[in-house]
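The values are calculated or read from the model by the stated rules, or taken from the named source; none is laboratory data. Please read all numbers here as calculations on a predicted model, not as lab measurements. Cβ: placed from backbone, ideal geometry, glycine included. Neighbour counts: every protein chain shown. Each accessible area value is taken on the protein alone, full model and side chains, heavy atoms only, with ligands, DNA and RNA left out. Shrake-Rupley method; radii C 1.70, N 1.55, O 1.52, S 1.80 Å.
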Amino acid sequence: MATWVPQGVLNRLRCNIVVSNNLALNITAPYMGKNLARIAFSGKFVTKEPTATGYVNSPEPYVMASISVELLRPQVLSAAWIAQAQLYGDIGPVTIYSDASTFPALTAYETSIGDIDPGAFNGMDPVVRLTLEGKFPANSQLWNMA
């Protein structure tokens with residue numbers, strides 16, 4: 001007999017992005033398009049260095065993080081992000097909160113504005129696509145090994 005496992009609940013309104021050094025740039029669900037936000041990591045958490053007979057694991061202390069969000073162009077927050085890019089694109093730590101209370105908040109450090117796509121000005125595409133790029137700490141145990 002199969003075990004019944006509760007599947008949990010997602011809450012779209014829970015998704016938000018916090019910019020620690022500039023709270024005016026914080027993004028909550030009412031300022032986002034239908035796809036809200038996402039974070040993706042690039043690079044290996046552990047690099048495999050070849051040897052004569054196999055490989056040696058070499059854990060990385062960080063990987064690159066990319067946070068993508070759809071800002072609503074009719075709202076002033078999207079203009080604030082354009083202004084920030086014109087002023088200074090390095091924005092510091094950014095934390096993204098997911099749509100599930102069981103999933104941890106994830107923070108990218110040394111974050112900068114990567115890309116801004118204002119979208120089509122055709123009266124039908126309401127989003128500005130913003131990509132933030134930063135460093136995500138990995139393999140924290142490395143710092144405890146002397």
Give me the percent of the accessible area of region 106-146 that comes from carbon and sulfur atoms, probe 1.4 Å, all protein chains in place. 54
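Over region 1-54, with every protein chain in place, what whole percent of the accessible area is carbon and sulfur at 1.4 Å, could you tell me?
On the way: 2560 of 4330 Å².
Percent of accessible area from carbon and sulfur atoms in region 1-54: 59.
With a/c under 1.5 counting as rounded, go ahead and sort region 85-146 into rounded, prolate or oblate using the C-alpha gyration tensor (a ≥ b ≥ c being the square roots of the eigenvalues; past the cut-off, prolate if a/b is larger than b/c, else oblate). If you can, show how the numbers build up before the last one.
Values: a/c = 3.96, a/b = 1.84, b/c = 2.15.
Note, shape of region 85-146 comes out oblate.
Ranked from highest to lowest mean number of other Cβ atoms within 10 Å per residue, what is the order of the peptides 118-127, 21-30?
Put in order of decreasing packing, that is 21-30, 118-127.
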How far is the Cα center of region 70-98 from the Cα center of region 8-58, in Å? 16
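W4 to I82: FRET efficiency via 1/(1 + (r/R0)^6), r the Cβ-Cβ distance, R0 35 Å, to the nearest 0.05? Present the calculation step by step, with values, prior to reporting the outcome.
Working: r = 49 Å, r/R0 = 1.41.
My answer for the efficiency is 0.10.
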Is there a quick way to get the dipole size of the chain? I mean about its Cα centre, with the Cβ of Lys and Arg at +1 and of Asp and Glu at -1; what is the value in debye to the nearest 20? 340
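Relative contact order for the chain: what percent, with Cα pairs under 8 Å and sequence separation of 6 or more? Write down the numbers at each step before the final one.
On the way: 282 pairs, mean separation 38.9, N = 146.
It rounds to 27 percent for the chain.
With a probe of 1.4 Å, find how much accessible area the chain has per residue, and write the answer as a whole number in Å². Each step should come with its number before you reach the end.
Numbers: 9730 Å² over 146 residues.
About 67 Å² of surface per residue is accessible.
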Dipole of the chain [Lys/Arg +1, Asp/Glu -1 at C-beta], most positive-end residue of L36, P59, T102: T102
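From largest to smallest, what semi-axes in whole angstrom does region 15-140 give when each is the square root of 5 times an eigenvalue of its alpha carbon gyration tensor? Mind dumping the intermediate values first?
Working: eigenvalues 205, 44, 41 Å².
Working through the eigenvalues yields semi-axes of 32, 15, 14 Å.
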Length added when fully stretched, A105-W143, from 0.36 nm per residue minus Cα-Cα: 11.5 nm
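Under a point-charge model restricted to the Cβ atoms of Lys and Arg (+1) and Asp and Glu (-1), what is the dipole moment magnitude of region 60-146 relative to its Cα centre, in debye to the nearest 20?
Numbers: 3 positive and 9 negative charges, 26 e Å.
My answer is approximately 120 debye.
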Rounded to whole Hz, the Karplus (6.51, -1.76, 1.60) HN-Hα couplings of region 62-73, x for glycine and proline: 7, 10, 6, 10, 10, 9, 10, 9, 9, 8, 7, 4
As I understand it, the dipole of region 1-141 uses +1 on the Cβ of Lys and Arg and -1 on the Cβ of Asp and Glu, about the Cα centre. Which of P50, M1, N122 lies farthest toward its positive end? M1
